[in-house]
Structure formats: C-alpha cells, structure tokens
1. If each DSSP helix of 4+ residues adds -39,500 (n - 2.57) and the sum is divided by the residues in the chain, what number results at 222 nm, nearest 500 deg cm²/dmol?
2. Which one of Ser327, Ser15, Ser267 has the biggest mean-square fluctuation once the chain is modelled by GNM with Cα springs under 10 Å?
3. Please identify the DSSP H helices in the chain that span no less than 30 Å along the helix axis (Cα) and have a mean Kyte-Doolittle hydropathy of -1.0 or more.
4. Using the basic label-point model (7 angstrom from Cα toward the beta carbon), what is the Arg239 to Leu419 distance in nanometres?
5. Determine which lysines satisfy two conditions relative to Lys152: a Cα distance under 27 Å, and not lying fewer than 8 residues away in the same chain.
6. If you place +1 on the Cβ of every Lys and Arg and -1 on the Cβ of every Asp and Glu, how big does the dipole about the Cα centre of the chain come out, in debye to the nearest 20?
7. What is the calculated FRET efficiency for His272 to Arg16, with r their C-beta to C-beta distance and R₀ = 56 Å, to the nearest 0.05?
8. Could you give the spread of the C-alpha atoms of the chain along their three principal axes, from largest to smallest, in whole angstroms?
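Each reported figure results from applying straightforward, stated rules to the coordinates on display, with no laboratory input. Only a predicted model underlies this, so the values are computations on that prediction, with no experimental measurement involved. Ideal geometry is used to build each Cβ from the backbone, glycine not excepted, and the neighbour counts take in all protein chains shown.
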Amino acid sequence: MSSIAMAGTNANSTSRVLFASLVGTTIEFFDFYIYATAAVLVFPRLFFPGSDPTLGILQSLATFALAFFARPVGSALFGHFGDRIGRKATLVAALMTMGISTVAIGLLPTYGSIGVAAPVLLALCRLGQGLGLGGEWGGAVLLATEHAPPGKRAWFGMFPQLGAPLGFFLATATFLLLTATIDDASFFAWGWRLPFIGSAVLVATGLWIRLSISETPAFRDVLLKQQRVRLPMGEVIARHPRALLAGTIASIATFLVFYLMSVFALSWGTTHLGYSREQFLWLEMAAVLCFAATIPLSAHIGGRFGSRNAMVLATIAIIVFGIAFKSLFIGGSLVGTFVFLAVGMSLTGLTYGPIGTLLAGMFPTAVRYTGASLCFNLSGILGASLAPYVATWLATRFGLESVGYYLSAAGVLTLLALLTVRSDHA
C-alpha cells in the first residue's frame, strides 16, 4: 500500500480540506484567466502583429483554444495517476505543471524579437497550461466531495468551484491595477509580464497547502479493498461510455456561457462597442461577484433537489438568456452592459456550482478522477475552446443575435443530456 496515500490518515480537518480544494483551483484559474485577458488585450499586438486587428485577435484566440485540446490529455495523464497512486500527489504535480507554464509565458520574447518563433513558444506554453488544468480540476473536486459527510456532497463540491470566480477576480484586478499605475507604452513593453511571473508566488503558496493534507478517505478505502484498476481511462471507456458521453454533453453550456461572458464580451466590448479596456475590466470584475454569489446558491439548491435538477433549472435559464442576448449586450450604457454581464455571470454560477458534484457522482471511486476529469475537459473542447473564436466570427458576419442563438442551441443540447443522467440527492 502506498505510504503517500496512507500517511496522515486522520490529519485532515474539514477547514483544511475545503481550503486546499479552493486555493488550488483559485491559483489554477488565475493563471488560466490572465492568459485569457492577455489573449484579447496583449498577444494580438505583441505576438500576432498585422494590419488587420480582427485577424490578430482571431489568431490570438486560436492559441487560447489550444489549452482546451490539451486538457483531456491532462485528464487522462493525471487522472491515471490520481486513480492509481492517489489524489494528493497528483494534485501537486498538476499545480506545478500549470505554474511552470504560466511563468514561462511571462518570460517569452515577442514577435518583434524572434519573429514567428514567438507565437510557437506561446502556443507550447499554452498547451502546458491546459495539461495542468486538465489534471487539477477533477482532483480538487474529489478532494472536497470524497471528504463530504452524507447529504453534504453538493456543499463540499461547491468549494473548488469557487476558485473560478476568485481566480477570475484576481486576474482582472491585476490587469486593472497595471492599467491604473503604468502607461500603455510600459504596459506593452513589460507590464503585461508581471501577472505571469508573479503567479510563481501563488503557486508556491498552493503547493505548501496541498502538501500539508493527507489522502481522501474514499481513495484509502480503494487501496484497502485492492480495487485499483490497471488502466483507469480504458476502464472508463469500456465500462462507463454512457456516463462519459452524458457528462461531457451535459457540461457544454456551462463552459460556453462563461467564456462568452468573459473572453468574447471583453473582446467585443473593447473593439465594437467603444468601451475602454479599463471600463470593461471594471464591469467584468463587478459582474464576477455575481458569479461567486450564485455558486453557494446553486449548492443549496443541489443539496435540496439534487445536483442534476439544479443544473436543469440553470440550463433552462441560459437558453432564455441566449434568446435575449442581443437586446441586452449593447454599447453606450455602462449600466445596461453591467446588467448583461451580471445576469450572464449569475447564470454561470448557477450551472457551474453543481457540475463537479454531478460529474463525480457518475463514476465509481476507482476511476472517478479520470472519468469526471475527462467529462469536464472534453466538454471544454466543445463548449469553450473555440467559443470566443466562433462567437466573434458569428457576430461579425450575422450580428450579435447569432451569438445568442449559438448559446441557446448549446443549452438545448445540454438540457437533453442532463435529462438522461439519473437524479441524485447530494
């Protein structure tokens, strides 16, 4: 039996477990979102220079999408070890992978210095971010839910989900601080690098906290009963294909609504609606508070009615929101645009809060890390990887209403998949 897995069997307190699940995802998503922000504000100019600003943004968003294609690979890789050697050691490795890739981005030379090699190196670092996050999310959710007492899985599973709005808030605040304290010339010369390099401090903090916890009771039970499987990914595909397919499709709208509210909205608002970078970042940072506030609400709903039913209600609301998309997202009114972002982010929280608990409950403990992570990250390809790119293309050619229909169509697909998942009582 693994000494790593069994060490400190009774060392975990509830507060330590929940904080460890939260802090890791906060750091991971901070790293992920500073890239998303830079992909709109910085990289088109420094890594994809050209005469057509829209083309530069599309090229930059293409590198943004790369991480989502790397995330399922990270799910398979880290999921294998998470189901074989334990949650703790795998979470530490995933955080290190993400952290090293992020710091490296802050040290890259730009196109003006080394030409086409610059975007190539940027793409490689982005792939590293995707690998790390692909392994991080599933382990953080299991760290929380596998410690949950009966009837509390939805509430415990909510804590790692809070890392998304917290990471987004910190990333946006960082860019706002840079905007307020240095001029544009300094920002593009060196200021944009600071969030990437500075993330090393956060990663070190996260590693220290993760190393202080012990293995989850559920995984220790798998070890005691000798239930580990040789190849978790093969087991998921061979024995749980319906759960894998349903979980993947049921997560699509969750990804799409968030990345439309963040990356696409920032890009469209600052290039077509006349908002300055500072104005729109303030709007998004205020709106993300709604994201954070509705995650606990979704956990409460999930705890009473089941995580699946909580997601069904949120998905129906997302479908309606997509129909009203164009009428809400208009320029010339800061209040109106904030309402649009606040509603969208609130819906994001309502669907994002229960998803970890739902996916974790669809697979047995021996392959849960791999199964839940694969669902979540395969869905990221379908719902998020190309979302800002596709939305920009649709809005440019067919108007903003087409972006809303895109969201509503994804919501219908998600709803149909959710209805095939057995109801749970988290």
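1. The helix-only estimate for the chain comes to -25500 deg cm²/dmol at 222 nm.
2. Ser15
3. 14-41, 53-84, 117-145, 277-305, 334-360
4. 3.1 nm
5. Candidates past the 8-residue exclusion: Lys88, Lys225.
6. With Lys and Arg at +1 and Asp and Glu at -1, about 1120 debye.
7. 0.75
8. Computed over the Cα atoms, the extents are 63, 45, 36 Å.
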